[in-house]
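Notes to accompany the following structure.
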Amino acid sequence: MISYPFPRYLTDQPHRRYNPLTGEYVLVSPQRTKRPWQGQVENPPPDSRPAYDPACYLCPGNKRAGGVRNPNYDHTFTFTNDFAALLPDAAAAPTAVSPLLRAETVRGTCRVICFSPRHDLTLAQMSLSDIRRVVDVWAAQTAELGQTYCWVQVFENKGAVMGSSNPHPHGQVWALDTLPNEPAKEDVQQQQYWQENGRPLLLDYAQLELERGERLVEVNEHWLVVVPYWAIWPFETLLLPRRHVLRLPDLTGAERDALSDILKRLLTRYDNLFETSFPYSMGWHGAPWTLETCQVPSTNNLANHQSKPDRSEYTHWQLHAHFYPPLLRSATVKKFMVGFEMLGEAQRDLTAEQAAARLRLQVR
Ligand code: H2U
Ligand code: ZN
């Protein structure tokens, strides 16, 4: 690893950092980390869950809403969400009475993925071979739903603070016939970088981070984890493959094993940081799927995304996962996106480099 001089400017002067994936900015105020902290620091209640909870709607053999009973599954279990936010047969939107009062048709489906039959585990605590099974389910769900829908969003919402309704280890997959806001921004930005440079944006970014090292958290043969230069959340990370990969199903067996390994190491670092089962929202972004029937909003609110994208050509994309944890300075003190952040733009005090250094310090 080559070590470069780190510009002092980035550690003591307020500045804005550009996010090339979304085209947005974050305000960084490193001079504020010296200010005294007078807020509360509490110890979280100990987490003692049984391996099986008769009242849990995700545990094997239990009844869910509507009376369906879960099978006695041994590893993972996927089912259609009983309260799905998207429906495959949703009616078409009527013609808008005004361009200011517009609704768009959207069709899709939502599934819940139980990571393990064990109610008391988290992904970080599962064995590598069981994490690998979850990776395989993520890839299989993406491939299957990608046959029907152009966007497949795999994600996990972990912890009550993130609004997760159940501590049983689980994630979700939502698939729909349109590109949601976040991937739509990433599509435009990656496409533009590809046109200007002839290489995927995130592959160049991964190379840069591997050379510089100052924001690296974990590396293995096939993957790296960094606190991105433009991170918004205090301990936000970006998980990237080291070769050009479009989508989860494209990962080889060796890459899936290496992914299970780096996931376990990252999540263990997170848990150790504030000695708590670390809450977060994480999810995968990969190339959209080719689909002629994909809905494109009649007028998109994103200036650069008004024409129907060429859905056969997605080489500008690079698979990646975002981890967005809300915690700031302890197991209970979270960052609030309020005030200037709601009305202006996201802001942070701790720099991405300081956050990466804190995560590197955690024992595995
Ligand atoms: P979250 O904890 O991340 O909200 O995910 C749990 C999901 O499980 C949630 O979306 C669904 C909820 O709709 N669910 C069922 O599908 N069946 C049930 O019996 C309860 C909850
Ligand atoms: Zn359970």
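Numerical summary
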| quantity | calculated |
| --- | --- |
| Residue-averaged [θ]222 nm for the chain, counting only DSSP H segments that reach four residues, each worth -39500 (n - 2.57) | -7500 deg cm²/dmol |
| The stretch 148-263, dipole about Cα centre (Lys/Arg Cβ +1, Asp/Glu Cβ -1), debye to the nearest 20 | 100 debye |
| Förster radius 30 Å - calculated FRET efficiency between Leu361 and Tyr18 (Cβ-Cβ, nearest 0.05) | 0.60 |
| Estimated FRET transfer efficiency when R0 is 45 angstrom, pair Asn220-Ser98 (beta carbons, to 0.05) | 0.25 |
| 5 angstrom amide H check on His170, placed H, neighbours 5+ away | Phe115 |
| Solvent-accessible surface (1.4 angstrom probe) belonging to Thr78, in square angstrom, nearest 10 | 40 Å² |
| Local electrostatic count at Thr11 - Lys and Arg +1, Asp and Glu -1, tallied over other residues with Cβ under 14 Å | +2 |
| Rounded to the nearest 10 Å², the accessible area of Tyr57 at probe 1.4 Å | 90 Å² |
| Extension gain, His244 back to His75 (0.36 nm per residue minus Cα-Cα distance, nm) | 57.8 nm |
| Mean-position separation - Cα centroids, the stretch 312-346 and the stretch 46-72, in angstrom | 31 Å |
| Phi to ³J(HN,Hα) by Karplus 6.51 cos²θ - 1.76 cosθ + 1.60 over the stretch 339-353, Hz, x for Gly, Pro | x, 4, 5, 6, 9, x, 7, 4, 9, 9, 9, 4, 7, 4, 5 |
| Which of Gly67, Val137, Leu87, positive extreme of dipole for the chain (C-beta unit charges) | Gly67 |
| Long-range amide H partners of Ser164 with built H, under 5 Å | Gly159 |
| Around Asp74: net Lys/Arg minus Asp/Glu count, Cβ-Cβ under 13 Å | +1 |
| Loop sites in the stretch 98-182: GluC sites (Glu not before Pro), DSSP, at most 15 other Cβ within 10 Å | Glu104 |
| For the chain, convex hull of alpha carbons as volume per residue, Å³ | 162 Å³ |
| Overall dimensions of the stretch 68-162 as given by Cα atoms, namely Rg and Dmax in Å | 17.3, 55 |
| Within the stretch 48-69: backbone nitrogen closer than 19 Å to the Asp120 label point (7 Å, Cα to C-beta) | 48-62 |
| Charge tally in the Cβ shell below 12 Å around Ala139, where Lys, Arg are +1 and Asp, Glu are -1, Ala139 excluded | 0 |
| Rounded to the nearest 10 Å², the accessible area of Lys185 at probe 1.4 Å | 30 Å² |
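The values are calculated or read from the model by the stated rules, or taken from the named source; none is laboratory data. Keep in mind it's a predicted model, so treat the numbers as computed, not measured. Note that we place each Cβ from the backbone using ideal geometry, even for glycine, and neighbour counts take in every protein chain shown. These accessible areas exclude ligands, DNA and RNA; they are computed on the full protein's heavy atoms, side chains included. Shrake-Rupley method; radii C 1.70, N 1.55, O 1.52, S 1.80 Å.
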